[in-house]
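See below for the structure under consideration.
The values are calculated or read from the model by the stated rules, or taken from the named source; none is laboratory data. Remember, predicted model here, so these are calculated numbers, not experimental data. Backbone-built Cβ (ideal geometry, glycine too); neighbour counts: all protein chains shown.
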Amino acid sequence: MEKEVMSSLKMEGNILCSASSFIRKCIFGVLRVGAIPNHIAFIMDGNRRYAKKQKLSHDGAAGGGGRYDAGFWALMVMLLYCQELGVKYITAYAFSIDNFKRKPEEVESLMTSMLEKFHLLDILVKRLAVRVHFAGNLELLSNELRASAMELTEATAAYSKSVLTICIAYTSRDEILHAVRESCEQKRIGLEFGNDDDDEIKLMKVEKNMYMAVAPDPDIIIRTGGENRLSNFLLWQSCWSHLHSMRVLWPEIGVWNLVFAILNFQRNKTYYLEMKKKEKEL
Ligand SMILES: CC(C)=CCC/C(C)=C/CC/C(C)=C/COP(=O)(O)OP(=O)(O)O
């Protein structure tokens, strides 16, 4: 297994080296003149369409590897680019609670594929000093997958160069319900702080019980695959996020798509700050 991972790494390394050209470094340098987002969240849509286009296995055969391998590597490449740019937090919507409604063989193949990817991640993220965190109702996962997720969380807890949050068995409404329930329970057993008449304190109490409490709110949410909706992802945290949708399928996302999304965010932020300044002047 280790050997396979290393050869994949070498292959990816070569691809990345050729991509990490002088031009890319210059472009990242120019981007850094503007505001660099602290947190980018990805809705990785278009994996099945990509598999169909590439005539890859998408029927659950061979652990569904063909369908999600390219998507996994696309996420790793985005993680590397984000590290290079100085984006500390990266969040990926990997599996929603609604995805459990897909055909049983498809769900099983996705779960098998996830388990393989967690083993790969274990090697990759340690090399990149990335802390991995899982957000979602992990009770819905198989014992094996949950144990693997918890091992990965513990094994990377000391890293701090980047924080990768994988949303699995996640929907935002479920997260909000969970956080509200936990807050009520804490109030019931007397584990609470601050003045309850203060709405800000009430919000903080709910917020600290969110699965996503490990990361600040996302600055940008990037959705691939051409849809313009949040699909039950980070509804609470996206209050002030810049939403960026692109037609490209997730496995095909590249450096230019990321650059374009950040440029859009910067333009939007400048416009927003100017509006605020004008409001104050009035
Ligand atoms: C360990 C780790 C984080 C692995 C990531 C693997 C990965 C890319 C998962 C994406 C899963 C998913 C259901 C994506 C949505 O595309 P879709 O299947 O709905 O495709 P479609 O939009 O073409 O129908």
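Residues are listed down the side, and each one gets a yes or a no for (1) among the hydroxyl-bearing types (Ser, Thr, Tyr); (2) free of Cβ contacts under 8 Å to residues at least 24 places away in the same chain; (3) part of a helix (DSSP H, G or I):
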site: Ala74; (1), (2), (3): no, no, yes
site: Ala94; (1), (2), (3): no, no, no
site: Ser109; (1), (2), (3): yes, no, yes
site: Leu124; (1), (2), (3): no, no, yes
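Listed here are the residues, each with its yes/no results for (1) modelled with pLDDT under 95; (2) polar (S, T, N, Q); (3) within 15 Å of Arg48 (Cα to Cα).
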site	(1), (2), (3)
Leu75	no, no, no
Cys82	no, no, no
Lys103	yes, no, yes
Glu116	yes, no, no
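List every residue pair whose Cβ atoms lie under 7 Å apart, where the two residues are 6 or more positions apart in sequence or sit on different chains, the first residue falls within region 172-184 and is among the polar types (S, T, N, Q), and the second residue, located anywhere, is in a helix (DSSP H, G or I).
Ser183/Lys205; Ser183/Val206
Does at least one position in region 259-267 carry a residue that is outside any loop (DSSP other than H, G, I, E, B), within 17 Å of the chain's Cα centre (by Cα) and either within 16 Å of the ligand (Cβ to nearest atom) or surrounded by 18 or more Cβ atoms within 10 Å (Cβ to Cβ) (or both)?
Within region 259-267, one or more residues are outside any loop (DSSP other than H, G, I, E, B), within 17 Å of the chain's Cα centre (by Cα) and either within 16 Å of the ligand (Cβ to nearest atom) or surrounded by 18 or more Cβ atoms within 10 Å (Cβ to Cβ) (or both).
Tally up the residues in region 89-109 that are out of contact with any helix residue (DSSP H, G or I) (no Cβ under 6 Å at 6 or more places or on another chain) and surrounded by 19 or more Cβ atoms within 10 Å (Cβ to Cβ), please.
Residues in region 89-109 being out of contact with any helix residue (DSSP H, G or I) (no Cβ under 6 Å at 6 or more places or on another chain) and surrounded by 19 or more Cβ atoms within 10 Å (Cβ to Cβ): 6 in total.
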